[in-house]
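What follows is one structure encoded as structure tokens, with my remarks underneath.
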Amino acid sequence: MNIIHSSIIITKLFNSQVLFPSIIDEIPMGILVLNLNREIMLMNSAMEALTGFVQHEVFRVPCAYIVRCNICLEKCPFLSIKEGFSSICLEGDIINKERQKFPVRLTFAPIRNINGKGVGFIECIEDIRAFKALESNTVEPYSFGHIIGRSPQMERLFKILPSIAESDSSVLITGETGTGKDFIAETIHNLSQRAKEPFIKINCGALPETLLESELFGHNKGAFTGAFENKPGRFKLAHNGTIYLTEIGDLPINLQVKLLTFLDDKIIYPLGSTKGLPVNVRIIAATHRNLEQMVRDDKFREDLLFRLNVVRLHLFPLRNREGDTRLLMDHFFNSYTKQFKKTIKGFSDKASKILLNYEYPGNIRELKNIIEYAINICHDNHIEAEHLPAYLTENRIKIDEKKQTPLVIPSPTNNETLEWSSIEHKMIIDALLKARGRKNKAAEILGWGRSTLWRKIKYYGINS
Amino acid sequence: MRKILVTLYDNYVAPRFDLTTEVFIMSIRNDSYPEDEKTLVLPQASVEKLCHLIITEGIETVICGGIEEEYYKYLKWKKVNIIDSVIGTLDTVIKKFMEKSLKEGDILINS
């Protein structure tokens, strides 16, 4: 009992009849066509090469016995099919007939008849041995994806990132502007099982409220004046992938409600449509704002914060990442000298001192721009102080200006406002008291390096 | 007395040796008469523990689905006979084995 290949014919697509197997045999990716019982009806040549089995011996054999993938045995996606199920992409490993075990990426999708009723499944398998080998070769010291750092804060982050990527939980990334929130979001996506699916970034602060709703959730034809055709929203485009909502703190309050509903049901309702659309996306949100404070000010919904705040990653500002300024300076120096084909040998002592002592309110982005500027300007062997942007040498004035317009943070104990410097001063005193004067221990409590603590103690004139 | 082990997944030969959580062990006397049969449920899928079980139980032949080259060679080195890439129900496979016609890569479904 075997299927006759010459009987699977496509009749109306071309001028003459075409054999369906001849089309799928040309695709360089393993393809299985299954019936509703997950038995193999058709298999292409690439799948024969991957598994070592041949088409005529596997007809109507359950796919798990031929593909021999860990996913098929542990959590077969076809077993948990729901109404509206669409494609799923997962990574796993298979053992072929030659007894080789290797990593694969599998895409599972339903096959429907013209009435939309499920009649079978299609399974595509891609050998990703080459990608995995490449990944392990591109590891650079003190880096993780595009993120560079060797400070204790960054090392902690590098340790937890893979496990965060593996999970499918929502992630909230906080940190000052220029600390690398976008890079972190992209790295999480690239390390996750959704890596091959879309990564869609939406800046919640960049679009007007009316447009944003249509951008996020899409609209149907005739939903509003000018809606001449159906438009899929970004959520639909990101199906099976990741949505990155940057500047989530700027999301208008009524859209916060819509996002909240989506996080609960995983169903989107395009503008002008009553029919929901199930969408499988992972949410990563980021903001430089203090969301807890915004909740207190009734500018951000508390329940949305709780839903987004499943995994919280806080990125420390560059000034608190001990040793990273030097590392990043050298990294940007090397990449820009190469890019601009310059033969500059390095930084002069004075320029290094200025760069290392600057506070970088714009964090890594600012440091990157400074180095790019200096390399453009410099025609000598070394980058001197005069090659740096003028405002760096006026750093002292900047700090004084900052003191006149302090960053105000409400104290949790009373409603008085305090300057950051006095909060930091108090933190140091508290840590020193807790550590009974031992600076090593106090630095550990504060999450700083010992030299950072020493520098701050000196700066605030704290006597031990 | 010869001992045969079949890796199980429901009532079928398990597709993967390394993910097996259940095994069927049968003792045979005089090449044909099954003397003792037992099914063991393993606490978790562990290829090392399964190999250890095969060695300590003194299994002569293992019937399984996909097995990695490393473990295949290890068991061969330990003088265990392996018939791998077998697809079929336990009964069909045992019947064919007793008839001395079971071989590597046999697919005994829909045949």
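Please treat every number below as a calculation from the coordinates, not as lab data. Quick caveat: nothing in here was measured; it's all calculated off a predicted structure. Glycine also receives a Cβ, built like all others from the backbone with ideal geometry; neighbour counts cover every protein chain displayed.
Quick notes on this structure:
- Prolate/oblate/rounded label for the stretch A:5-132 (Cα gyration tensor, a/c 1.5): oblate
- Taking other residues whose beta carbon is less than 10 angstrom from the beta carbon of residue A:435, and scoring Lys, Arg as +1 and Asp, Glu as -1, yields +3.
- Computed from Cα positions, the angle between helix A:181-191 and the longest principal axis of chain A comes to roughly 30 degrees.
- Virtual spin-label span in nm between residue B:81 and residue A:49, 7 Å along Cα→Cβ: 3.7
- FRET E, pair residue B:52, residue A:100, Förster distance 22 Å, beta-carbon r, rounded to 0.05: 0.40
- Net charge of Cβ neighbours under 15 Å - reference residue B:79; Lys, Arg +1; Asp, Glu -1: +3
- If R0 is 60 Å, the Cβ-Cβ spacing of residue A:450 and residue A:273 corresponds to a FRET efficiency of close to 0.50.
- Spacing of the modelled spin labels on residue B:35 and residue B:22, each 7 Å from Cα toward Cβ, amounts to 2.7 nm.
- Fraction of alpha-carbon pairs over 36 Å apart in the protein assembly as shown - percent: 55
- Most mobile listed residue (B:30, B:81, B:11) in chain B, GNM with C-alpha springs under 10 Å: B:30
- Calculated FRET efficiency, residue A:440 to residue B:70, Cβ-Cβ distance, R0 = 30 Å: about 0.05 to the nearest 0.05.
- The Cα atoms of the stretch A:310-353 give a gyration tensor whose axes a ≥ b ≥ c have a/c of 1.5 or more with a/b no greater than b/c, which makes the shape oblate.
- Rounded to 10°, Cα long-axis angle of helix A:395-404 versus longest principal axis of chain A: 90
- Close amide H partners of residue B:14, meaning residues 5 or more places away or on another chain with modelled amide H under 5 Å apart, are B:7, B:8, B:9, B:65.
- Angle in degrees between helix A:450-460 and the longest Cα principal axis of chain A, rounded to the nearest 10: 40
- CD proxy at 222 nm, helix term only [per DSSP H run n ≥ 4: -39500 (n - 2.57); per residue of chain A; nearest 500]: -11500 deg cm²/dmol
- In terms of distances greater than 30 angstrom between alpha carbons, the cross-link table entries A:201/A:221; A:181/A:456; A:12/A:75; A:101/B:78; A:258/A:368; A:159/A:258 yield A:12/A:75; A:258/A:368; A:159/A:258.
- Partners of residue B:100 within straight-line reach, counting aspartates and glutamates whose Cα lies under 17 Å from its Cα and excluding those fewer than 8 residues away in the same chain: B:31, B:60, B:84, B:91.
- Inter-label distance for residue A:75 and residue A:229, nm, one decimal - labels placed 7 Å from Cα along Cα-to-Cβ: 3.7
- Charge tally around residue A:63: other residues with Cβ under 12 Å, Lys/Arg +1 each, Asp/Glu -1 each, net +1.
- Look at the alpha carbon pairs under 8 Å that are at least 6 residues apart: their mean separation over the length of the stretch B:1-71 gives a relative contact order of 41 percent.
- Taking all Cα pairs closer than 8 Å and separated by 6 or more residues, the relative contact order of chain A comes to 11 percent.
- Inter-part distance where the stretch A:325-362 and the stretch A:230-262 are each reduced to a Cα centre, Å: 38
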